[in-house]
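Visitor: Let me begin by handing over the structure; questions about it come next.
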């Protein structure tokens, strides 16, 4: 089940405020912009993020399934993603180390988020925005990658070149 920009925007508009909402907004936007896999998303460190003067940014994907040599690649971050990343980092008090972390109770920030948690977060987001129970069950850790790809295709953007 795909989660594209429409679904992400709906979550952003309705999620409210707070640590969990901040993390989810940042995670969804970073996943969408980078099209990163679950392991890549949870592998991002603060040092991998570069905020640009114009409000956009870049994120270094150090190693991926298709880059076993570890050469890395750089992904563009939209101004929206940068805004939510900065909000999350500030509200969580994160200045170094892993960007996406576990939340403990109502206000404690834990260690690095485990990649198995990403699909659960995406499923909670899908339920939050009112997707049917059947659709929520079909959401996976790849749902935003699929949604971003479908959005690119709908815009007739050939990203393979």
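Visitor: In segment 9-32, is there at least one residue being more than 24 Å from residue 104 (Cα to Cα) and outside any helix (DSSP H, G or I)?
Guide: no
Visitor: Just wondering, is there one or more residues in segment 63-78 that are under 22 Å from residue 120 (Cβ atoms) and buried (at least 17 other Cβ atoms within 10 Å of the Cβ)?
Guide: no
Visitor: Just to check your reading of the model, which residue among 130, 141 is in a loop (DSSP other than H, G, I, E, B) and within 22 Å of residue 48 (Cβ to Cβ)?
Guide: Result of the check over 130, 141: 141.
Visitor: Looking at (1) in contact with a strand residue (DSSP E or B) (Cβ under 8 Å, 6 or more places away or on another chain); (2) free of Cβ contacts under 8 Å to residues at least 60 places away in the same chain, which is the only condition residue 109 fails?
Guide: If we test residue 109 against (1) in contact with a strand residue (DSSP E or B) (Cβ under 8 Å, 6 or more places away or on another chain); (2) free of Cβ contacts under 8 Å to residues at least 60 places away in the same chain, just (2) comes out false.
Visitor: Now a separate question. Please work out if residue 121 is in contact with a strand residue (DSSP E or B) (Cβ under 6 Å, 6 or more places away or on another chain) and either within 14 Å of residue 20 (Cα to Cα) or surrounded by fewer than 11 Cβ atoms within 10 Å (Cβ to Cβ) (or both).
Guide: Considered against the rule, which asks whether it is in contact with a strand residue (DSSP E or B) (Cβ under 6 Å, 6 or more places away or on another chain) and either within 14 Å of residue 20 (Cα to Cα) or surrounded by fewer than 11 Cβ atoms within 10 Å (Cβ to Cβ) (or both), residue 121 comes out as no.
Visitor: Going by the conditions given, is residue 143 crowded, with 19+ Cβ neighbours inside 10 Å and either at pLDDT 95 or above or farther than 18 Å from residue 19 by Cα (or both)?
Guide: yes
Visitor: Go through (1) over 13 Å from the mean Cα position of the chain (by Cα); (2) without any contact (Cβ under 8 Å) to a residue 40 or more places away in the chain; (3) buried (at least 19 other Cβ atoms within 10 Å of the Cβ) for residue 92 and report which single condition fails.
Guide: Exception for residue 92: condition (2).
The values are calculated or read from the model by the stated rules, or taken from the named source; none is laboratory data. Keep in mind the model is a prediction, meaning the values are calculated, not measured. Glycine gets a Cβ as well: all are built from the backbone with ideal geometry, and neighbour counts include every protein chain shown.
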